[in-house]
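Written below as structure tokens is the structure these notes are about.
Nothing in this text is a laboratory measurement; each read-out follows from the coordinates by a stated rule. Just so you know, these numbers come straight off a predicted model, no measurement behind them. Cβ sites come from the backbone with ideal geometry, for glycine too, and all protein chains shown count toward neighbours.
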Amino acid sequence: MQLQEILDRVSTYAPDADLDVIMRAYLFSAKAHAGQFRRSGEPYLTHPLAVAGILTDMSMDVDTIATALLHDTIEDTLVSQETLAEIFSPEIGELVDGVTKIGKLQFRSKQEAQAENFRKMLLAISRDIRVILVKLADRLHNMRTLESMRADKQARIARETLDIFVPIANRLGLGGLKTELQDLCFRYLHPDLYKELARAVADGAPERDAYIDRNCEFLLKHLSDCGIECEVSGRAKTLWSIHCKMVEQNLEFEQVHDILAFRVLVDDIGECYAVLGQAHALFSPIPDRIKDYIAIPKANGYRSIHTTVIGPEGRRIEIQIRTHEQHRIAEDGISAHWRYKEGHLALDQEEIQRIVRLRELIDAAKEVEDSDEFLQTVKIELFTQEVYVFTPAGDVKVFPVGATSLDFAYAVHTEVGNTCVGAKVDGRMVPLKYELRNGDTLEILTSPHQKPSRDWLQIAQTGRALSKIRRCLREEERERGKELGREMLENELKKHGVALAKTIRSGLAKRAARDLGLRTVEQLFLAVATGNTGLMVAVRALAPDINFEKSEEDETPLQAFMNRFRRRSTSPVLVGGEQDVLVGYARCCNPLPGEPVAGFITRGRGITIHLATCPQLLASDLERKIAVEWDSNVVARHHGELRVVCADRPGLLANISKIIESAGINISRIEAHNIGDEKSTIHLEVAVTDISELHTLIRGLERIRGVISADRVRG
Ligand code: MN
């Protein structure tokens, strides 16, 4: 690629562009990289020129082309962002800096660092989409010239490209770039498979080309006889897509039938359906293989009709039908939407909408502080397949496969999500956890009494819904905390004859809060509830005049009785309807509230509570068995044990304890053992209120990446 060619290309698609910037960038880059060479032995400058060339294919504006020429100057030479801003423009300085920053990120898969880097990358996209386009072009050229790298480096770069850059290219609708990257990744990740498949495909090429030529002509003639003006082309599918098909369906190459795809391009959408009709009249379609992405476009803006048919000579072929305009968008994605207005880049309305959506997604994910969680959240949206559902007004909404009616509710509006009690799908009532199916029409049902609960985190699948639910739960926790703190203070002060309300009215409470380094009285309540401020510390600050020694002794006989009664009445088990009985829990089965239980009358140690089905209980003297039940009015902590089997992954233990803590559960013991085969078991002892809390915890643990199983252990 030569400078002149770049200038020529830019002036074709942007006639009034200021080419001077590009020329200056070229000269600057040539000087900066003078004397540098690529591994292949070529002068370094060939690389920025090639990257700029790729971007002219996408009809990018002059600032982007200049950025491409300059993209390695900060990294490889001594130039600073400020210098570039001064010589060119602050905008170009920022763009080059953005590309440099992304370049410094190391996307080693399966490492904690990946999540944080990915997060930065997405934030960069949301700032200026051009940064990522330059980075993608840079990566494409590096992949094209990967040959000269060491084999281990080739594999690492290819892996990173497939894991990170291919999904992003897909999301931005850059079909051509994505396909080329995929085949290049395949070539370096599985060199042997690649060679074998390339040879097999090449072997059949002459015969296949003849078939394609024959039938392109046939289709073209038939369609034009029907009065449809069109362009017909055919090709073998890419090696990567054939490889994926073989892996997914466990096939040998000889068993893959539909590796041929024909493409029919027409002028308008009406003709697309006319062509579909003709195709199905000529050839029998294969059921369930018709996809109408024109009526319901993919989230990345892709529009086309796909159908697989038994084509001429009984061969399975895929036919893709779309308009010329749709084709341009399918190949060039976001860049097909660039419009030039007075020499500046502008996007059309539809594209702006799509970028807004991407930004919303990233903004929602930004609220997630933990970068691992961020990756999960964003991955869900970026990498998975989609389902399309309708609002009652007929608007299409797109969700990842597995999304539920709760996700739909949050997509409508946060408040609708927060008060959602269920939905009607095509007139039928469904629960929150209903999994969305293509073509569903959903009407969300709400209730003013509804509010998010912890198990909603298991139901929601989209990043947006999850982050809204978490936020709501956090707020509610804070509210509850404040109330609890207020109650604790009120009760404690009352013992000493002080009314909390009075200290608030007089302004004393506010002063006390300030003295304790808190901004408001409410924060004081919260601090007391969470234990950040000791209860007695707060009491002393609120009522400095109380003499504590004395009031303790002043407990009236009635108070003393009440207190003793209170202490005793905390048994969580009712024996024959009575509360005040000495009970213990059997170690053999370690029952939890919510599980069916029975009592066993011991000699001198009161009653032992067993699981109703405990073998040890069933084997013992029936005479000494007694009916017991859990007292739902008493909430107490019970001992629970879990065994978690997981992959050896750094940070996993921290993630596990974080999940447990965020569920408000106390850990009394945590112990990890390596069991070989890169696996560990983690033994956990926790204090839970009942069986459902334990089950929720188990489900939460099972959702952590790297956790293979989580089970309860008894005795
Ligand atoms: Mn580069």
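The trypsin sites (Lys or Arg not before Pro) of the range 475-533 that meet both conditions, a loop assignment by DSSP and at most 12 other Cβ atoms within 10 Å of the site Cβ, are Arg519.
Annotation: peptides 2-14, 195-207, ranked by per-residue average of other Cβ atoms within 10 Å with the highest first, follow the order 2-14, 195-207. Using 0.36 nm per residue and subtracting the Cα-Cα separation, the extra length available between His639 and Glu490 on full extension is 50.5 nm. Among the listed pairs Lys245/Lys424; Lys178/Lys397; Lys482/Lys502; Lys424/Lys468, those whose Cα-Cα separation exceeds 29 Å are Lys245/Lys424. Spatial offset of the range 385-458 relative to the range 205-246 amounts to 42 Å, using the alpha carbon center of each. With contacts taken as Cα pairs under 8 Å at a separation of at least 6 residues, the range 204-334 carries a relative contact order of 23 percent. Computed from the Cβ-Cβ distance with R0 of 35 Å, the FRET efficiency linking His683 to Lys502 stands at 0.10. Per q in 0.20, 0.23, 0.26 1/Å, what log10 I(q)/I(0) does a Debye calculation on the alpha-carbon atoms of the range 638-713 return? So the normalised log intensities work out to -0.77, -1.02, -1.31.
Extent of the range 1-72 along its three principal axes (Cα atoms, max minus min coordinate, largest first): 36, 20, 17 Å.
Here the peptides 253-265, 402-414, 61-73 are ranked by packing, the mean other Cβ count within 10 Å, and the order with the highest first is 61-73, 402-414, 253-265. Assuming 0.692 mPa s and 37 °C, estimate D for the range 3-190 with Stokes-Einstein, Rh taken as the Kirkwood radius over Cα pairs, in µm²/s. Stokes-Einstein gives a translational diffusion coefficient of 195 µm²/s. Among the GluC sites (Glu not before Pro) in the range 473-533, none is located in a DSSP loop while being surrounded by at most 13 other Cβ atoms within 10 Å of its own Cβ. Subtracting the Cα-Cα distance of Glu86 and Lys153 from 0.36 nm times their residue separation leaves 20.5 nm of extension gain.
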